[in-house]
Amino acid sequence: MDRRREIIIAPGAGFCGGVESALGKTLRIAKNKKNGHIFLDGELVHNREVGDRLRGQGVQLLEENSKVCAEDTIIIRAHGIAPQRRSHLEHLGCEIVDCTCPLVRRISKIIETHGDGQIILLGDRNHAEIEGLCGHSKNIHVCESPIELAQFIDGVRQNGPIGKNIFNNKCVNFAGADMVLLCQSTLDMDFLAAARNLCDQKNFPVKIFDTICAATKRRQLGLQRLENCDAVIVVGGKHSANTKRLFEKMRRKMAAVFWIENAGDLAEINLNPHRKIGIAAGASTPRDVLGSIHRKISKK
Ligand code: SF4
């Protein structure tokens, strides 16, 4: 019997265009920089290999106590940044290189356009992209799940047109207000679909903008190609929110799902019972890591 392995890499797995461009720009700056330091305002991506590679090129993380001088360069990552943080960085007096993904910038523009109304933002409260977006309006209410969204809608309706957002205790006046709903660029598409249903069911007058980026949609839809595999390996940093989402999505569909960061971690999982193996990866996973995992599994 032929016991060779069949390996399928999910369409859209690995680095998205925004991360690829930010990393490429940072490496080019590191290569050409003659004087001064290069600081990153936060991890470029949640991936150990990428972090080690950047550190190897002399790129360091900007800390509260970092001494910054005029010759230095600060890089704003693809997740974007709040305007208040940007002006703080600009006051440090060095070169600022903005690697904010154009698709994240588009979300901040929509927020600014509707900044006087009420904005519901679906996503992870502690994610850098959401933190940055929240700096563009005082009227943003973040909801992390459909349950939270339902609580939010009920909360603001409690006292007629003016209610309280139970998450931040702010009063929300939605009588005649421009109400919009937006998503983090890497949101689970199922969450947005559930949010649409909820707003319909509760007759909540909100204009919905689908701001999930095309790379994220492609990655999530790519998981369907893996559904008839015996096992699936999800590759990405343990702090990567979008990798966690992919892992959880696959776990809801099948039992043999493993989350690893690199080819070295394969030693810790038992793939022997499985012949047809799928590989998915978050936006922060370099393609060469996927390549080395593919090679290693083929030989196992
Ligand atoms: S996930 Fe989408 S929005 Fe975010 S950096 Fe990548 S391409 Fe841009």
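The values are calculated or read from the model by the stated rules, or taken from the named source; none is laboratory data. Remember, it's a predicted structure, so these values are computed and weren't measured experimentally. Positions of Cβ are generated from backbone atoms using ideal geometry, with glycine treated the same way; all protein chains shown enter the neighbour counts.
Figures for the structure shown
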item: Within segment 6-35, tally of residues that are within 16 Å of the ligand (Cβ to nearest atom) and basic (Lys, Arg); result: 1
item: Tabulated pairs, segment 28-52, first free of Cβ contacts under 8 Å to residues at least 24 places away in the same chain, second buried (at least 16 other Cβ atoms within 10 Å of the Cβ) and part of a loop (DSSP other than H, G, I, E, B), C-beta under 7 angstrom, 6+ apart or interchain; result: Gly51/Glu43
item: Hits in segment 10-32 (condition: in contact with a strand residue (DSSP E or B) (Cβ under 9 Å, 6 or more places away or on another chain), at pLDDT below 95 and not small (Gly, Ala, Ser)); result: Phe15
item: Enumerated strands (runs of 3 or more DSSP E) restricted to segment 64-168, each holding at least 2 residues that are on the phi < 0 side of the Ramachandran plot, more than 20 Å from the chain's Cα centre (by Cα) and surrounded by fewer than 20 Cβ atoms within 10 Å (Cβ to Cβ); result: 95-98, 162-164
item: Number of the exception - Thr73 against (1) modelled with pLDDT under 95; (2) outside the structural domain of Glu131 (by TED's automatic domain parsing); result: (1)
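Let's see how each residue does on (1) within 16 Å of the ligand (Cβ to nearest atom); (2) over 28 Å from His46 (Cα atoms); (3) touching a strand residue (DSSP E or B) at 6+ places or on another chain (Cβ under 6 Å):
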| position | (1), (2), (3) |
| --- | --- |
| Glu129 | yes, no, no |
| His141 | no, no, yes |
| Ser145 | no, no, no |
| Leu149 | no, no, yes |
| Asp154 | no, yes, no |
